[in-house]
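The values are calculated or read from the model by the stated rules, or taken from the named source; none is laboratory data. Just so we're clear, the structure is a prediction, and the values are computed from it rather than from any experiment. For neighbour counting, all protein chains shown are included, and Cβ atoms are generated from backbone atoms with ideal geometry for every residue, glycine included. Remember, those area values only see protein heavy atoms, side chains included, never the ligands or the DNA or RNA. Shrake-Rupley method; radii C 1.70, N 1.55, O 1.52, S 1.80 Å.
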Amino acid sequence: MSTSTAARVAKGMRLALITGGLVAIAFGIAVLVWPAKTAAAITGIIAFWAIVAGLIYIAMALVDAGQATGSRVGHALLGLLYVAGGVYAFIAIQSTTIVLAFFVTLMIGIMWIIEGFTALFALGESDSKGLTIVFAVISVLAGISLVSTPLWGAGFLWWLVGVSLLVLGALNLIRGLSLKS
């Protein structure tokens, strides 16, 4: 790689780290300072995506004459469901945000429980049995705590996201500023 190419790559990496770090810091601050508003904004983004995806599915059903009738009907119905879901999410943004938070929290809790039991089932294949058992127990207990207290769990996970974005963003900003361009 030539010196000028290497310098351009380094400058691009530096810019990406600085920009990514600043964006992560901004989102982290937003999550920590305005947790409900930030969650509602993310719900709004998901709702907007659902509407756009629905319109694309409907357009596919109407425009692509090469599809079989069942495929066209399926795409049209799927598109209508996406649009209806997105519109409803905008109309009831607060309740949709709460449902989304509960859903994500419960799914993470269930996945942690399954991951813990899977680690125990694979214990015979592990070179580090003690560490695997500790991981499995913590994973199952963390999963149970999220499933049994989803409101607290959603709040904790949201706080953890905010702190993580802030810390990782600051670290990427420092990394970017320390790179020579």
For a quick check of understanding: with a 1.4 angstrom probe and all protein chains in place, what accessible area in square angstrom does T149 have, to the nearest ten? 60
What is the dipole size for the chain, taken about its Cα centre, with +1 at each Lys and Arg Cβ and -1 at each Asp and Glu Cβ, in debye to the nearest 20? 720
Residue span F156 to A84: 0.36 nm per residue of separation minus Cα-Cα distance leaves a gain in nm of 22.8 nm
Among L77, V161, G12, flag the residue with its Cα farthest along the positive direction of the charge dipole of the chain, charges on Cβ as +1 for Lys/Arg and -1 for Asp/Glu. G12
J(HN,Hα) series, region 104-113, from Karplus relation 6.51 cos²θ - 1.76 cosθ + 1.60, nearest Hz, glycine and proline x: 4, 4, 5, 5, 5, x, 4, 5, 5, 4
Pop out the ³J(HN,Hα) list for region 43-53 in order, Karplus 6.51 cos²θ - 1.76 cosθ + 1.60 with θ = phi - 60°, rounded to Hz; leave Gly and Pro as x. 4, x, 5, 5, 4, 4, 4, 4, 5, 4, 4
Placing +1 on the Cβ of each Lys and Arg and -1 on the Cβ of each Asp and Glu in the chain, which of F121, A39, F135 has its Cα farthest towards the positive end of the resulting dipole? A39
Rounded to whole Hz, the Karplus (6.51, -1.76, 1.60) HN-Hα couplings of region 74-82, x for glycine and proline: x, 4, 5, 5, 4, x, 5, 5, 4
Check A92: other-chain or 5+ apart residues with amide H under 5 Å from its amide H, H built from backbone geometry? none
Value of relative contact order over the chain, rounded to a whole percent, pairs C-alpha under 8 Å and six or more apart: 39
Helical contribution to [θ] at 222 nm, DSSP H n ≥ 4, -39,500 (n - 2.57), averaged over the chain, rounded to 500: -32000 deg cm²/dmol
